[in-house]
Amino acid sequence: MEFISYLTPMFFALVGFGVVVGIIFGAIPGMTATMAVAVCLPMTYGLDLTNGLALLLGLYVGGISGGLVPAVLLNIPGTPSSITTTFDGYPMTQKGEGERALKTGITSSLFGGLFSAIVLFFFAPSLADVAIKFSYVEKFLIILFALTVIASLSRNLLLGIFSGVLGVWFSLIGSYDISSGGNGEYRLMTDAMVPYLESGFSLLPVLIGLFGLGTILQEAQKGIKEEVGKGKKLELNGGTSFSLSVFKGQIVNLIRSSGLGTFVGMLPGVGGSAASVLAYTQQKNFSKHPEKLGKGAPEGVIASESSNNGLTGGALIPLLSLGIPGDSTTAVLIGAFTLQGIQLGPLFIGNNLDTWNTMMVALVFANLVMFVVMFFAIRTIVKVITIPKYLLYPGIIMMCVVGAYAINFGIMFDVWTLLFFGLFGFLGQKVGLEVAPFIIGFILGKQAEVYFVKSLESFGTLTIFFTKSPIAMVLWVLILISVVFSIYGMIKQKKNNNNKEA
Amino acid sequence: MADGNSLFKVSIDFSQSHLFFPNIIHWILLILAVLIALTSGPKLLRQMREKKKDDKQTGAPTDWVRLLGTLVLTIIYFSLMETVGDLFPNTGFGFLFTSIPFMFLLSVLFVHQPGRREFVTITLSSIISPAVAWYVLAQMFNITLP
């Protein structure tokens, strides 16, 4: 129980601060939990690991939860994962039940968050125990699986895979690292670039560029429109007020949606919108009154919000037990761990038991703070989303710069990396490339190379990837399933499109 | 390994091993690019031809002033930051002194209905936020700033 000594008042204050900032980020349309974590990373440079993680986990939970505020009140999802909250939340607001919808959503979020934290607590260590026996072959296959899953959820399968592989390509720039068994030679660049790119692009400037600057460029192109106009009045009251009786008969819904959220979160690279869409459609299938969904039924809000908070714990499972991020926000968290000199992977939990325990405390506490803050201060938060964007966005660019510059103790090249990837993210999305597969490819590319090449160097044959162990074969089956599933989805989509055109 | 698996046999020359994986990636990228061109190419061409005819109907128009303005300001901001920072080494003043005008100009570029009130808030925010960021990060946490 040594970890209790880490639980200082500072620790709890940081979690609370993170949650509040996260809620604000999540509540402002166009800004996501990922952005909140990326922009606030520089604050953790001066903190130790425990306190840094406290802040980041608070931001994560707050950021995912805050998205429900504009979803309910303005019909604009604050984060992609609250898209389905708009389906029923906004009709409820139109009926004058805004506050009821918000509080239903907040309570569901709390349930989903705690549910997934429990799953994380029991599941991650056992998954890590399995993963500890993995050789390079299995590790490579896991990365391949992560990449196929994420590609299968892209809008266009081929472009999704292309984005992922392109991410891998960018990660290979630099030297073939000697410390991981390479020969230290440079590749994919000219001699002039060697002083800057000796060890490749740093992860954080790339992330901050894609998620921070890239998003702002997109908004700038649209002309920085203020969604929350002065004319629009936010009506909260009237109609039925909130009481816990909303949840009567919804226990199954709560558990199923939280479970689905947690499960989708575990799949590497799959974002929050997939989780809430899945939970929402399932609720519609099982509901006693499916016709009411989409017209202001609290059960829709419950399904959507419990699943997207279920995601938080789920996404941390592959991160902490395999070192593979479950979504783009946890991808940024990888950066925070690297910063503190901690290698994520199967050994992490066993070697850092105190950190693991404090993380769990932070996660549970963050969910409780989120609930209390949002439940009792909802009116104040509603006002916050009216901060004009023309004040907000310049400040975000400023924080992006700090984050990129300070990460390697003051290298201006990282700031230019930020600009380059901001532009790249902006232009790339114009031609259909997708950020999420790109990031996962970028994070995992270097490891994939080492595992792949080392496997071949030691076994000398390609068949080893199939015959190494039963686990390898199971992984191939999983890869096959995700590929078949995505091709099936693509054909189905095409049929739908053809029907629409006809 | 004389079991008929010679087809799958791979040997990697260590001195060239840094190029082995990148080469595979290049081939995959190339094949994917060809596949993408084959599957979505014809459709894209058709769309482009149609787009020329009714360009104005598709989606929201690009706000070129704000987009290019953001880019130009950001590039100037980044380049000046280092130059100014070199005048006051290790103080973070380069960051502080360039952030204030940058934030002010960008806010002015973004605001839609400029009025007296807006200018006051913009001025205040563009002075206070960099100052707070600079004080908290550079002074309290000793983080390196330009």
| request: Would you check which residues across the stretch A:289-303 are of a type in the set (Lys, Arg) and without any contact (Cβ under 8 Å) to a residue 12 or more places away in the chain and list them? | output: A:292
| If you check residue B:143 against the conditions, is it within 13 Å of residue A:397 (Cβ to Cβ) and within 9 Å of chain A (Cβ to nearest Cβ)? | no
| said: Against the definition (out of contact with any His (no Cβ under 9 Å at 6 or more places or on another chain), crowded, with 22+ Cβ neighbours inside 10 Å and not β-branched (Val, Ile, Thr)), how does residue A:114 come out, yes or no? | reply: no
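Yes or no, residue by residue, for (1) in contact with a Ser or Thr (Cβ under 6 Å, 6 or more places away or on another chain); (2) modelled with pLDDT under 85; (3) within 20 Å of residue A:78 (Cα to Cα):
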{"residue": "A:242", "(1), (2), (3)": "no, yes, no"}
{"residue": "A:259", "(1), (2), (3)": "no, no, no"}
{"residue": "A:263", "(1), (2), (3)": "no, no, no"}
{"residue": "A:274", "(1), (2), (3)": "no, yes, yes"}
{"residue": "A:284", "(1), (2), (3)": "no, no, no"}
{"residue": "A:298", "(1), (2), (3)": "yes, no, yes"}
| said: Given the options A:446, A:389, A:468, name the one that is touching a helix residue (DSSP H, G or I) at 6+ places or on another chain (Cβ under 7 Å), charged (D, E, K, R), over 30 Å from residue B:75 (Cβ atoms) and modelled with pLDDT under 90. | reply: A:468
| task | Select the helices (runs of 4 or more DSSP H) contained entirely in the stretch A:114-218, then report the ones holding at least 1 residues which are touching a strand residue (DSSP E or B) at 6+ places or on another chain (Cβ under 6 Å). | result | A:194-197
| query | Which pairs do you get when a residue that is at pLDDT 80 or above, found in the stretch B:120-143, comes within reach of a residue that is β-branched (Val, Ile, Thr) and outside any helix (DSSP H, G or I), reach meaning Cβ atoms under 6 angstrom, with the pair 6+ apart or on two chains? | reply | B:137/B:143
| message | Of all residues being without any contact (Cβ under 8 Å) to a residue 12 or more places away in the chain and touching a helix residue (DSSP H, G or I) at 6+ places or on another chain (Cβ under 8 Å) in the stretch B:77-92, which is nearest to the other protein chains (Cβ to nearest Cβ)? Just the residue, please. | response | B:78
| Hits in the stretch B:101-117 (condition: free of Cβ contacts under 8 Å to residues at least 40 places away in the same chain and either crowded, with 24+ Cβ neighbours inside 10 Å or facing chain A (nearest Cβ under 10 Å) (or both)) | B:102, B:103, B:104, B:105, B:106, B:107, B:108, B:111, B:112, B:113, B:114
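Condition check ((1) assigned to a helix (DSSP H, G or I); (2) among the polar types (S, T, N, Q); (3) in contact (Cβ under 8 Å) with a residue 40 or more places away in the chain) across all residues:
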{"site": "A:262", "(1), (2), (3)": "yes, yes, yes"}
{"site": "A:265", "(1), (2), (3)": "yes, no, yes"}
{"site": "A:274", "(1), (2), (3)": "yes, no, yes"}
{"site": "A:281", "(1), (2), (3)": "yes, yes, no"}
{"site": "A:285", "(1), (2), (3)": "yes, yes, no"}
{"site": "A:305", "(1), (2), (3)": "yes, no, yes"}
{"site": "A:310", "(1), (2), (3)": "yes, no, yes"}
{"site": "A:315", "(1), (2), (3)": "yes, no, yes"}
{"site": "A:324", "(1), (2), (3)": "no, no, yes"}
| said: Show me the helices (runs of 4 or more DSSP H) found entirely inside the stretch A:29-98 where at least 1 residues are within 19 Å of residue A:379 (Cβ to Cβ). | reply: A:49-66, A:68-74, A:83-94
| If we keep just the residues of the stretch A:155-179 that are among the polar types (S, T, N, Q) and within 12 Å of another protein chain (Cβ to nearest Cβ), which is farthest from residue A:434 (Cα to Cα)? | A:175
| How do the pairs read when you match residues in the stretch A:421-443 that are at positive phi with residues anywhere that are modelled with pLDDT under 90, using Cβ under 6 Å and keeping only pairs 6 or more apart or on different chains? | A:432/A:159
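The values are calculated or read from the model by the stated rules, or taken from the named source; none is laboratory data. Small disclaimer: the values here were computed from a predicted structure and weren't measured. Note that each Cβ is placed from the backbone with ideal geometry, even for glycine, and that neighbours are counted across all protein chains shown.
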